[in-house]
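Inspection log for the structure reproduced underneath, given as structure tokens.
The values are calculated or read from the model by the stated rules, or taken from the named source; none is laboratory data. What you see is a predicted model, and the numbers here were worked out from it, not measured in a lab. A quick note on method: Cβ atoms are made from the backbone with ideal geometry, for glycine too, and the neighbour counts reach across all protein chains shown.
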Amino acid sequence: MVAAACKSGDIATAFYGVEFSYAASGLTPGARYYVSATAGALADGATTGGDVPCAFATSATNVFVMAPRK
């Protein structure tokens with residue numbers, strides 16, 4: 001996850017262990033989310049972007065970004 005949009009090749013800071021406002025509504029609290037094949041988005045199922053959950057919904061609008069697995 002990045003806090004702001006950036007262009008391909010730009011330096012970006014990734015955050016984990018934090019909660020972000022992600023959607024206006026519609027998330028399912030407790031549901032796990034994955035890196036999407038669409039840049040800057042999360043997916044509700046494994047994709048070519050990632051097959052390991054990277055976040056979970058804490059409310060209908062917020063996600064908690066989990067620490068990467070080693």
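Being small (Gly, Ala, Ser) and at pLDDT 90 or above is the filter here; which residues of the range 26-48 pass it? Within the range 26-48, GLY26, GLY30, ALA31, ALA43, GLY45, ALA46 meet the criteria. Count of the range 27-51 residues, restricted to those that are in contact (Cβ under 8 Å) with a residue 24 or more places away in the chain, more than 16 Å from MET66 (Cβ to Cβ) and over 11 Å from the mean Cα position of the chain (by Cα), is 1. Residue count for the range 17-70, restricted to those that are among the polar types (S, T, N, Q) and in contact with a Leu (Cβ under 9 Å, 6 or more places away or on another chain): 5.
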